[in-house]
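All remarks here apply to the structure that follows.
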Amino acid sequence: MMVGFILLLLLCHIAFLDVAKRRVLNFSVAIVFVLGGLNLMFKDVSWMLTDWSVAAISCLVVFGFFYLFYAFGIMGGGDVKLAAALAFCLGLEQFFWVWVVSVVFAVAYGLVWKLLTTIELTYGLFQLNLSKHGVHRLVPYGALMCVSVFVVIYTGA
């Protein structure tokens with residue numbers, strides 16, 4: 001149970017950093033892998049994987065798929081590594097639902113951002129720093145994946 005609790009706390013930390021600084025630290029991703037490995041050894045958490053081969057295959061499949069997003073500049077490298085680490089912990093089926101929920105969140109985030117920029121450009125009501133992040137890196141995918149893990153775990157998807 002402690003492994004799952006630590007993982008969820010770490011995901012909160014990763015989400016905060018991704019929103020605040022647009023960074024997913026390699027050290028944090030490594031700890032996610034370590035926690036997944038600890039769960040594979042001790043079978044501590046029911047919603048995490050307990051089979052090494054499934055964990056490894058899930059990790060490689062997700063990394064390969066998400067690497068395409070990185071190659072086209074849509075997603076950052078830290079987000080890709082985080083996705084692979086989450087797949088290592090959760091497996092392909094649960095990670096698929098994490099991805100679906102995070103895409104819904106990303107679309108909502110993008111629509112709100114578009115609305116805010118339109119209001120700012122039209123009426124000048126508040127200042128947005130539009131030059132800080134590139135167009136493709138507007139959405140903090142890592143943070144949205146972390147929040148999606150909570151949604152998937154606690155809804156039982």
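The values are calculated or read from the model by the stated rules, or taken from the named source; none is laboratory data. Computed from a predicted structure; not experimentally measured. Every residue, glycine as well, gets a Cβ built from its backbone with ideal geometry; the counts of neighbours run over all protein chains shown.
On the basis of being surrounded by fewer than 21 Cβ atoms within 10 Å (Cβ to Cβ) and under 12 Å from the mean Cα position of the chain (by Cα), does residue 77 make the cut?
Against the criterion (surrounded by fewer than 21 Cβ atoms within 10 Å (Cβ to Cβ) and under 12 Å from the mean Cα position of the chain (by Cα)), residue 77 qualifies.
Taking residue 15, is it exposed (fewer than 14 other Cβ atoms within 10 Å of the Cβ) and modelled with pLDDT of 90 or more?
no
Scan the range 36-71 for residues that are of a type in the set (Ser, Thr, Tyr) and without any contact (Cβ under 8 Å) to a residue 12 or more places away in the chain and jot them down.
Across the range 36-71, the qualifying residues are 46, 50, 53, 70.
Please give the number of the condition residue 12 fails out of (1) of a type outside the set (Asp, Glu); (2) without any contact (Cβ under 8 Å) to a residue 60 or more places away in the chain; (3) not in a loop (DSSP other than H, G, I, E, B).
(2)
Just to be sure before I move on: is residue 18 charged (D, E, K, R) and part of a loop (DSSP other than H, G, I, E, B) in the structure I sent?
Criteria not met by residue 18.
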